[in-house]
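Structure first, commentary second.
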Amino acid sequence: MSNPLLERHLERQAVKPLYLFYGDEEFLMNRALARLEAGLRDDQGEPPVKSLFYAPSPKPKTASRDDQGEPAAKPVREAQEVEMAEFLAEARAGTLWGPGQLLVMRRLELNAAAFKAINTYLDHPAPRTWVVLMAEGAKNRDLAKNPVGGRLQKEEAALGFSRLREGELHQWLTREARQLEKNLTLAAAQRLVEMVGDNLAELSQELEKLALFAGPENTLTPALVTQLTSHSRTYNIFALVEALGTPGFHQRLTSLGQLLDLGEQPVKILGMLARQVRLLIRVKEGAGASPMELARSVGVQPWQLKNLTQQGARFSDAALRRHLTMLHQVDLHLKTSTGTPRLWLEWALVKMGPG
């Protein structure tokens, strides 16, 4: 299931002419977009003509990893940055082919100008045209700032996609497994989250692998999860950062070797190490705040905060800052030196002990 409201609209053949997708879970947004596109096919299976645009931004746009995996359809016109007025004018241009057209605008900023344009369009939407506006990162409070946000919610045209909490992750994985005709036990779902993390795209990918790995076996157990995911890049990156601060350096070097053997890029490994150290610094700086407030400010789930707090206790503030400086030096060497990247990473990991 993509989104309960969207599923109900598709079932009743009452799709709205305009949807606002908002929230911080782009994987679920993209799944809902794919579901909508599939649901708009005509009786002959012909999809709508799809056009993708970006709202103007000073930063150059690159393809999102979550754009991958959508069902094949007619070729999507090349994405470009356009103003909202131009985008909605494109919606009114119409098409003579297929069941109609689906226009998508990504990276929309919910400001007064955007709400005004949306309100005007909703008063007279174009026929045979469906518009999806994607405001990645927007919150409920952003909709509450303008009456048009209330109108969208009242008309069931504003669909929120929030990050899932730990318990919700387990339930989501169980439903995903049923779609694959497998039974994922609660303990197995917990193990999968522990080993992979809370990124839905990566969890979905690992679950699909797990279902194939299980073969005719109907029940997916914690043992199967451990057996499979211990050989994945996602798990080994997770294992590497978890090994920071452990006595000795052998576990860190073992995880590094497994990652490199799996083809992971040294630059990405270095980036994950630096990110983990920054998180540890922020958690230690936020000591004294409530767990919910600290998790929100750091940008992690409560269960991740618990792990970070335990790991951070093994380091002094000075040690973490030294490690971060060292990782910046390694990054410079990787970009400018002819030395072996593996040796630079091994040198850094040997130095990154507790203290």
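The values are calculated or read from the model by the stated rules, or taken from the named source; none is laboratory data. As the structure is a prediction and not an experimental result, all values here were calculated from the model. Please note: Cβ atoms are built from the backbone with ideal geometry, for glycine as well, and neighbour counts cover all protein chains shown. The protein model used for the area step is the full one, side chains on, heavy atoms only, and it has no ligands, DNA or RNA in it. Shrake-Rupley method; radii C 1.70, N 1.55, O 1.52, S 1.80 Å.
Please give the calculated 222 nm ellipticity per residue for the chain, where each DSSP H segment of at least 4 residues contributes -39500 (n - 2.57) and the sum is spread over every residue; nearest 500 deg cm²/dmol? Please list the in-between numbers first.
Details: 17 runs with 197 residues, N = 355.
Helix-only estimate at 222 nm: -17000 deg cm²/dmol.
Using the crude model of +1 on Lys and Arg Cβ and -1 on Asp and Glu Cβ, and no other charge, please compute the dipole size for region 145-215 relative to its Cα centre, in debye to 20.
Working: 10 positive and 11 negative charges, 54 e Å.
It works out to roughly 260 debye.
Whole number in Å², please: accessible area per residue of region 107-173, 1.4 Å probe, ligands, DNA and RNA not counted. Write down the numbers at each step before the final one.
Values: 3460 Å² over 67 residues.
On a per-residue basis, region 107-173 sits at 52 Å².
Ignoring any ligand, DNA or RNA, what whole percent of the accessible area of region 254-315 comes from carbon and sulfur when the probe is 1.4 angstrom? Show your work: numbers first, answer last.
On the way: 1680 of 3140 Å².
Taking all protein chains in place, region 254-315 shows 54 percent carbon and sulfur surface.
Among Asp198, Asp317, Asp43, whose mean-square fluctuation peaks in a Gaussian network model of the chain (Cα, cutoff 10 Å)?
Its mean-square fluctuation being the largest, the pick is Asp43.
Based on the inverse mean of 1/r over its pairs of different Cα atoms, what is the Kirkwood hydrodynamic radius of region 73-165, in Å? Display every interim value, and only then the final one.
On the way: mean 1/r = 0.0692 Å⁻¹.
This gives a value of 14.5 Å.
What translational diffusion coefficient, in µm²/s and rounded to a whole number, does the Stokes-Einstein relation yield for region 292-355 at 10 °C and a viscosity of 1.306 mPa s, taking the hydrodynamic radius as the Kirkwood radius over Cα pairs? The partial results should precede the final answer.
Working: Rh = 13.6 Å.
Calculated translational D: 117 µm²/s.
List the residue ranges in the chain for DSSP H helices whose C-alpha atoms run 24 angstrom or more along the long axis and whose Kyte-Doolittle average is 0.0 or above.
Values: long enough: 266-285 (29 Å, 0.51); 317-336 (29 Å, -0.29).
Those that clear 24 Å and a mean of 0.0 are 266-285.
Regarding region 134-261, what's the average projected area of the Cα-atom convex hull, expressed in nm²? Spell out each step's value before the answer.
On the way: hull surface 43.2 nm².
Here the figure is 10.8 nm², rounded to one decimal.
Report the net charge of residues surrounding Leu6, where surrounding means a beta-carbon distance below 12 angstrom and charges are Lys +1, Arg +1, Asp -1, Glu -1.
Values: positive: Arg8, Arg12, Lys16, Arg31, Arg35; negative: Glu7, Glu11, Glu37, Glu156.
So the surrounding residues net to +1.
If you split all Cα-Cα distances of region 198-332 into 10 Å bins from zero, what percentages do you get per bin, shortest first?
Reading upward from the zero bin: 11, 35, 35, 17, 3, 0.
For the full complex of protein chains and a 1.4 angstrom probe, list Val148, Val15 by accessible area with the highest value first. Can you show the working numbers first?
Numbers: Val148 15, Val15 40 Å².
The ordering from most to least exposed comes out as Val15, Val148.
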